[in-house]
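The values are calculated or read from the model by the stated rules, or taken from the named source; none is laboratory data. A quick note: this is a predicted structure, and the numbers were derived from the prediction, not measured. Neighbour counts run over all protein chains shown; Cβ positions are idealised from the backbone, glycine included. Surface areas here come from the heavy atoms of the whole protein model, side chains and all, with no ligands, DNA or RNA. Shrake-Rupley method; radii C 1.70, N 1.55, O 1.52, S 1.80 Å.
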Amino acid sequence: MTLGSFLKKQFIDVIDWTEPEDGILAYRYPMQDREIQNGGKLTVRDSQMALFVNEGKIADQFGPGLYTLTTNTLPILTYLQNWDKAFQSPFKSDVYFFSTRQQTDQHWGTPNPITIRDKDFGIIRMRGFGIYAYHISDPKTFYEKLSGTRETYSVSELEGQLRNTIIGLLTNTFASSQVPFLDLAANQTALAQKIAEQVTPTFTGYGLTLDNFIVENVSLPDELQKILDQRISMNMIGNMQQYTQFQAAQAIPIAAGNEGGGAGIGAGLGAGIAMGQAIAGAVQGGLQGGTPPAGGAPVAGGPAAGGGAPAAGAAAATKFCMSCGKSIPRGAGFCPECGQKQ
């Protein structure tokens, strides 16, 4: 070493790191042309840990606190360097800081539906998403497995690895849960716990601790969700025959009151009455198991009674009062029952 290069060196008295922004997990302290002064100070703040690395070998680790760097506080580094117990000269070492803060609001989700076998529906495709949180608990392992000698290592660099790991374990977790899809909404907390148990070893292998894992939603793809909605609607309707009869009965006053529409065929009031008679016959047949009324007599006004055409003709010559609803002659200007103008 020449005198000039020696004078250019800077001796570090204080080593510390304040996080300039969120999302930084590891930071390498700048040591270019710098050496650490014997007796210098190391400040490790709360939610941080520091790691000394000498010639590629991990040496001493420090938690939060203020340290004076001597052979007493650097036992492993002292051993690696073969220093005397009372060394006085500056020394060279790489120093890495790690943020141990909890990294919250980390999102996971299935980019494509997962195919599983469901108890109720058979083979279905499912989607899921949620959030999780973690923190660095073992800087040595994190340095060896992930961050290495980089100047910085951020949350965004690790996000894809963790998210894909979670998704890769979801299929087995869903399949082994034995919980039908329709019951998952009521069991999302238990499902989240099972998924967390599956992914925790992976986090530990990276030097991380999984603090919490939440399943926010489990759903079907849009096309399957529409089919499920239809099935739910049918279950809510119940007896289809009774529902059809109810709809027909609801349609009678609409068809009768629509003078120009008449159930969509422009037949006016007469068609509405005829429709009401036909529906009444269908309802009566449904209630009696499809059999004609007692005595085998056909429904009044039906084709068998020979009164279909006359009944329709008679109905066409009348209309309903818009006020009291009584049947009145079609040409009447006033209702003979209530006296209201028509």
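All but one of (1) outside any helix (DSSP H, G or I); (2) modelled with pLDDT under 70 hold for A255; state the number of the condition that does not hold.
All conditions pass for A255, except number (1).
Answer with yes or no whether T110 is modelled with pLDDT under 95 and among the hydroxyl-bearing types (S, T, Y).
yes
Give the residue that is nearest to N212 (Cα to Cα), with candidates limited to residues of the range 101-128 that are open to solvent by 30 Å² or more (accessible area, probe 1.4 Å) and touching a Ser or Thr at 6+ places or on another chain (Cβ under 7 Å).
So, considering only residues that are open to solvent by 30 Å² or more (accessible area, probe 1.4 Å) and touching a Ser or Thr at 6+ places or on another chain (Cβ under 7 Å), the one nearest to N212 (Cα to Cα) is R101.
Would you confirm whether or not the range 98-107 contains a residue that is of a type in the set (D, E), over 17 Å from G207 (Cβ atoms) and within 20 Å of the chain's Cα centre (by Cα)?
Within the range 98-107, one or more residues are of a type in the set (D, E), over 17 Å from G207 (Cβ atoms) and within 20 Å of the chain's Cα centre (by Cα).
Return the residue satisfying two criteria in turn: it lies in the range 167-180 and is hydrophobic (A, V, I, L, M, F, W, C) and open to solvent by less than 20 Å² (accessible area, probe 1.4 Å), and of such residues it is nearest to E19 (Cα to Cα).
It comes out as L170.
When you scan the range 91-101, do you find a residue that is touching a residue at least 12 places away in the same chain (Cβ under 8 Å) and more than 30 Å from G40 (Cα to Cα), even just one?
no
Counting only residues that are crowded, with 17+ Cβ neighbours inside 10 Å and among the hydrophobic types (A, V, I, L, M, F, W, C), which one in the range 139-166 is farthest from G56 (Cα to Cα)?
Filtering the range 139-166 for residues that are crowded, with 17+ Cβ neighbours inside 10 Å and among the hydrophobic types (A, V, I, L, M, F, W, C), the one farthest from G56 (Cα to Cα) comes out as I166.
Return yes when F6 is open to solvent by 30 Å² or more (accessible area, probe 1.4 Å), part of a strand (DSSP E or B), of a type in the set (F, W, Y) and modelled with pLDDT under 90 and no when it is not.
Here the answer is no, as F6 does not meet what is asked.
Say we look at the range 68-89 and pick out the residues that are closer than 24 Å to S137 by Cα and open to solvent by 60 Å² or more (accessible area, probe 1.4 Å); which of these is farthest from the chain's Cα centre (by Cα)?
Among them, the one singled out is P75.
State which residue pairs qualify: first residue at positive phi and inside the range 59-88, second residue surrounded by 12 or more Cβ atoms within 10 Å (Cβ to Cβ) in any location, beta carbons under 7 Å apart, and separation of 6 or more residues or different chains.
G65/V44
Is it the case, given these coordinates, that Q193 is open to solvent by less than 60 Å² (accessible area, probe 1.4 Å) and either of a type outside the set (V, I, T) or outside any helix (DSSP H, G or I) (or both)?
For Q193, the condition - open to solvent by less than 60 Å² (accessible area, probe 1.4 Å) and either of a type outside the set (V, I, T) or outside any helix (DSSP H, G or I) (or both) - is not met.
Yes or no: the range 28-44 includes at least one residue that is surrounded by fewer than 11 Cβ atoms within 10 Å (Cβ to Cβ) and in contact with a helix residue (DSSP H, G or I) (Cβ under 8 Å, 6 or more places away or on another chain).
yes
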